Amino acid sequence: MRYGRIEEHPILKFERGRKVRFTLDGRELWGYEGEPIAIALLANGHDVFFRMEDGRPRGPFCMIGKCSSCLMVVDGVPNTRTCVTPLREGMDVRTQHGEPGLPERVSDSFVPPMEIRRSLVVVGGGPAGLTAAIQAHDLGVEDVLIVDEGMRLGGQLLKQTHRFFGNKKYYAGKRGIEIARILEREVEERGIEKMLMGTVIGVFRESEPRARYTLGAVVKREVNGVYKTGFVRILADAVIFATGAAEKYLPFENNDLVGVMGAGGIQTAMNVWGLRPGSRALVVGAGNVGVIVAYQMLQAGIKVEAIVEIMPRIGAYFVHAAKVARRGVPILTRHTILRAIGEDRVEGATIARVDDRWNPIPGTERDLDVDLIALSVGLKPSVELVQQAGARLRYVGRLGGFIAVRDRYHRFAPFGYVAGDLSGIEEATTAMMEGKIAGAAAAHDLGRAPPREASRVIREVEEDLKTFRSGPIGRRIEEALRAVVVEPPPEEWGGEIGD
Ligand SMILES: Cc1cc2nc3c(=O)[nH]c(=O)nc-3n(C[C@H](O)[C@H](O)[C@H](O)COP(=O)(O)OP(=O)(O)OC[C@H]3O[C@@H](n4cnc5c(N)ncnc54)[C@H](O)[C@@H]3O)c2cc1C
């Protein structure tokens, strides 16, 4: 079976909601209440979610609402991202074809717009955003609002089953899924407000005093068992952006077939929702995410035929690579994917060896019998909103692509901050550290935290960051950051904090 629910797992136990019925193009199916529509569809063996104008099929890719591969018409609303829309009893789901028109009965699908005002808005509830909100709250900012487009807080931690290394203060030894629960509990205990299933789609810098920033968010709200869409205008005195990153794509023949997925998308399907999105996989990229996901696929009962890596060396930590190699998965360095084989969905893949200039070597092509291709070829910071907010962007390849020019307090503008993957791709521990710095700086700039107190917190975290980045990879990151961190902190952004 290509797709299947995971019933047995060495680490995870899946608590599913009650069974509910819904329809796909008029045909009755069932799924579990609260799981994404995309998961329920795959579990029913349905994987073509929409077709382009030219008939090319589209199926899920990122599973976190960042791409456009899973758009469908849901309860009359076109372009609904089915990977982040929870299933409800009686939903009417339809395959989308080309560019859909507007909903027939607009008033039924939408709730009236509203306006709210908060001192600090944190966009993104991953490790960076959650620690930023907690830190700002602890230093005196009482009305903090976290907006996240996901269905739960935690960001990418929600799918990470491996144990973290490093500093005990940042939960070393715990699994990502446990860290997500701890941070969520800390947010709840403080009564920090959250707006889930809320996507910030626009941000504008304003002139005071009404608000320094205006954000526009599209929010899903349940009204009498049906999801309706609403628009919320959020006025904010300060904004911390912690929107994370998106998975990169790779050009090869047939790369748009259903079954070519981001490795993180596969991780979400398996580890968050207990769904196996294939039975035999090829992983492209032997960095940390690719190798970790390969191991997690094995745990979920997916056979991993090979991991191909175009570079001469494996990029992942040795301990992770050794684990998959011990389970008999070949890691083929100096290899790449040439094409996905299939009509609508993946039925195989052709790989080949490459020369020193990364050109495929003729005669080394080989077909693999796979139904799932996991792309793990890097992440790129999700900078769209900070760019709108006026951040100056600079391209730094080692940090994932374009990132915002900022000061050491993570400010890119007065009362505007970045943290986590958005300010350079690293990993969740450094995302938490950066979140703390941004949260403390915001509390200071808003006049809630005494300079000495904010400065004490920031200096302590800076020391932690320095220690964490003292290895060879960390040192290269420190070096790359020099291209975007302006010294000294510009006066117009708030200047130095503390003595
Ligand atoms: C797909 C993926 C898989 C990963 N897998 C691993 C792994 O296996 N192992 C590992 O060590 N590291 C992994 N990482 C890296 C690591 O998880 C990150 O470094 C860490 O999670 C970064 O934290 P963050 O808070 O910056 O971003 P995230 O954890 O990505 O959190 C960002 C949050 O912002 C929200 N958001 C984004 N845009 C908007 C918007 N416009 N409006 C509202 N909310 C928004 C998202 O829903 C998300 O919850 C992965 C990263 C990604 C992107």
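Some points to look at:
- Most to least packed among 26-34, 333-341 [average Cβ atoms within 10 Å]: 333-341, 26-34
- For region 352-368, 3J(HN,Hα) per residue [Karplus equation, 6.51 cos²θ - 1.76 cosθ + 1.60, θ = phi - 60°, Hz, x = Gly/Pro]: 8, 7, 10, 8, 5, 9, 6, 8, x, 8, x, x, 9, 5, 8, 8, 10
- Ranking 143, 138 from most to least accessible surface, computed with a 1.4 Å probe over the protein chains only, gives 138, 143.
- Residue by residue, region 243-258 carries 3J(HN,Hα) couplings of 8, x, 9, 10, 6, 7, 9, 9, x, 7, 4, 6, 5, 9, 5, 5 Hz when phi is fed to the Karplus relation 6.51 cos²θ - 1.76 cosθ + 1.60 (θ = phi - 60°); x denotes Gly or Pro.
- Comparing Cα centroids, region 376-426 and region 428-490 end up 14 angstrom apart.
- Three-way shape label, region 349-499, alpha-carbon gyration tensor, a/c 1.5: prolate
- Most to least accessible of 83, 67 (protein chains only, probe 1.4 Å): 67, 83
- Accessible surface area normalised per residue over region 1-155 is 44 Å², counting heavy atoms of protein chains with a 1.4 Å rolling probe.
- GluC sites (Glu not before Pro) within region 181-245: DSSP coil, no more than 15 neighbouring Cβ in 10 Å: 206
- Surface per residue (accessible, 1.4 Å probe) for region 168-299, Å²: 37
- Cα gyration tensor, region 260-379 - rounded (a/c under 1.5), prolate or oblate: oblate
- Global form of the chain, assessed from the alpha-carbon gyration tensor, a/c cut-off 1.5: oblate
- Distance violations [Cα-Cα > 23 Å] among 13/194; 228/248; 159/194: 13/194; 228/248
- Element breakdown for region 260-379 at a 1.4 angstrom probe: carbon and sulfur atoms account for 51% of the accessible area.
- Integer Hz, Karplus 6.51/-1.76/1.60 couplings in order for region 484-498, x for Gly and Pro: 10, 8, 8, 10, x, x, x, 4, 5, 8, x, x, 5, 10, x
- Residue 214 contributes an accessible area of around 10 Å² to the protein surface, as traced by a 1.4 Å probe with all chains present.
The values are calculated or read from the model by the stated rules, or taken from the named source; none is laboratory data. If you're wondering where the values come from, they're calculated on a predicted model, not measured in any experiment. Note: ideal-geometry Cβ built from the backbone for every residue, glycine included; neighbour counts use all protein chains shown. Heads up: the accessible areas ignore ligands, DNA and RNA and are worked out on the full protein's heavy atoms, side chains in. Shrake-Rupley method; radii C 1.70, N 1.55, O 1.52, S 1.80 Å.
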